[in-house]
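Colleague: First the structure, then my questions, so here it is.
The values are calculated or read from the model by the stated rules, or taken from the named source; none is laboratory data. A quick note: this is a predicted structure, and the numbers were derived from the prediction, not measured. Every residue, glycine as well, gets a Cβ built from its backbone with ideal geometry; the counts of neighbours run over all protein chains shown.
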Amino acid sequence: MSWTLSSSPLVKELRFSDVTARVEPLVREDKVETWCAVAIIGVGGVGFWAAYSLALSRLVERLILYDGDVLEPHNLTRIPGNELYINARKVELLRDLIEDLPYSPRIVTRGFLNPLNVDELFDAEVVIECTDDPTIQEAIAKLSHPRKIQVHYDGYNSITIAVNNPLHSKDWGPTPRYAVVPALPTAAMIAGSLAAHYAVMPDLVNKRFAVRVTLNPLEVRRIA
């Protein structure tokens, strides 16, 4: 795998083995997998944290980020940006934050995914879908990719995650967008981190389930 060292002079002597000292035993014990590429569709609150968690793990060589949306002031309660990125594309903010990490994965930024071109996602070993677009949700739910994760939240308290399960093409409900206007970071961070956690599971290809997590009161319920 190839890695890009941060340009900061403060980390020039920082070795990759130093950064991954606690990750490498998990790799040796086959508890996590390393991937050449993971595609993430939608890098708002949920997708942002999925991508950033994977970048921190150093288990991915390349992240392919799909989103044509721009950063607005209200996004700053869920995404760690600043005023310099207002009206810039979210993928650009995320790329810059990840590239500031020592030994960051290579970042490929793209616009909105065309539902007619979902077959291009087969270029990645893992696909994570985090949009609120029902057309994209359904297109990816029907995609026969062997390692596919779809994760959404209601904007506040409920998270739905489907792994290799076409849940969202039939059971996401009549209103697949937010039930509550997203405001706080916590639920989005948990949802994105769950997606990243499953993305590096060695047996991801053999998993097939869907669960709904309610944060308050805390409850995990299998729904498919």
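Colleague: Within segment 175-224, restricting attention to residues that are touching a residue at least 40 places away in the same chain (Cβ under 8 Å) and assigned to a strand (DSSP E or B), which residue is farthest from Phe48 (Cα to Cα)?
Modeller: Phe209
Colleague: Quick check: is even one residue across segment 94-103 among the acidic types (Asp, Glu) and either touching a Lys or Arg at 6+ places or on another chain (Cβ under 8 Å) or assigned to a loop (DSSP other than H, G, I, E, B) (or both)? Show your work before the answer.
Modeller: Here is the first cut: in segment 94-103, the ones among the acidic types (Asp, Glu) are 96, 99-100.
Narrowing further to those that are either touching a Lys or Arg at 6+ places or on another chain (Cβ under 8 Å) or assigned to a loop (DSSP other than H, G, I, E, B) (or both): 100.
Scanning segment 94-103 turns up at least one residue that is among the acidic types (Asp, Glu) and either touching a Lys or Arg at 6+ places or on another chain (Cβ under 8 Å) or assigned to a loop (DSSP other than H, G, I, E, B) (or both).
Colleague: Just to be sure I understand, how many residues within segment 63-82 are of a type in the set (A, V, I, L, M, F, W, C), more than 14 Å from the chain's Cα centre (by Cα), closer than 25 Å to Ala124 by Cβ and not in a strand (DSSP E or B)?
Modeller: Of the residues in segment 63-82, 1 are of a type in the set (A, V, I, L, M, F, W, C), more than 14 Å from the chain's Cα centre (by Cα), closer than 25 Å to Ala124 by Cβ and not in a strand (DSSP E or B).
Colleague: Listed residues Leu184, Leu116, Leu218; which is within 18 Å of Gly42 (Cβ to Cβ), surrounded by fewer than 17 Cβ atoms within 10 Å (Cβ to Cβ) and more than 17 Å from the chain's Cα centre (by Cα)?
Modeller: Residue meeting the stated conditions: Leu116.
Colleague: Among the residues of segment 89-146, what is the count of those that are among the hydroxyl-bearing types (Ser, Thr, Tyr), under 22 Å from Ala188 (Cα atoms) and touching a residue at least 40 places away in the same chain (Cβ under 8 Å)?
Modeller: Summing the residues that are among the hydroxyl-bearing types (Ser, Thr, Tyr), under 22 Å from Ala188 (Cα atoms) and touching a residue at least 40 places away in the same chain (Cβ under 8 Å) in segment 89-146 gives 2.
Colleague: Step by step: first the residues of segment 124-141, then only those that are of a type outside the set (Gly, Ala, Ser), modelled with pLDDT of 90 or more and not in a helix (DSSP H, G or I), then the one that is surrounded by the fewest Cβ atoms within 10 Å (Cβ to Cβ). Which residue is that?
Modeller: Ranking the qualifying residues of segment 124-141, first place goes to Glu125.
Colleague: Within segment 37-67, restricting attention to residues that are in contact with a helix residue (DSSP H, G or I) (Cβ under 8 Å, 6 or more places away or on another chain) and of a type in the set (D, E, K, R), which residue is nearest to Leu113 (Cα to Cα)?
Modeller: Per the stated criteria, the residue is Asp67.
Colleague: I would also like to ask the following. Is it the case that Thr135 is touching a Pro at 6+ places or on another chain (Cβ under 8 Å) and hydroxyl-bearing (Ser, Thr, Tyr)?
Modeller: Criteria met by Thr135.
Colleague: From the list Pro9, Pro102, which residue is farther than 22 Å from Met201 by Cβ, at pLDDT below 95 and loosely packed, with under 12 Cβ neighbours inside 10 Å?
Modeller: Selected residue: Pro9, the only one of Pro9, Pro102 that is farther than 22 Å from Met201 by Cβ, at pLDDT below 95 and loosely packed, with under 12 Cβ neighbours inside 10 Å.
Colleague: If you don't mind, there's one more thing I want to ask. Only one of these conditions is not met by Thr34: (1) surrounded by 15 or more Cβ atoms within 10 Å (Cβ to Cβ); (2) under 24 Å from Asn114 (Cα atoms). Which number is it?
Modeller: (2)
Colleague: I'm trying to understand the selection: among the residues of segment 16-59, which are touching a strand residue (DSSP E or B) at 6+ places or on another chain (Cβ under 8 Å) and farther than 16 Å from Leu194 by Cα?
Modeller: Hits for segment 16-59 are Thr34, Trp35, Cys36, Ala37.
Colleague: Evaluate segment 56-76: report whether one residue or more is within 17 Å of Ala39 (Cβ to Cβ), buried (at least 20 other Cβ atoms within 10 Å of the Cβ) and among the acidic types (Asp, Glu).
Modeller: Yes, segment 56-76 has at least one match.
Colleague: Taking the residues in segment 25-61 that are in contact with a Cys (Cβ under 8 Å, 6 or more places away or on another chain) and part of a helix (DSSP H, G or I) as candidates, determine which candidate is nearest to Ala187 (Cα to Cα).
Modeller: Filtering first and then ranking leaves Val46.
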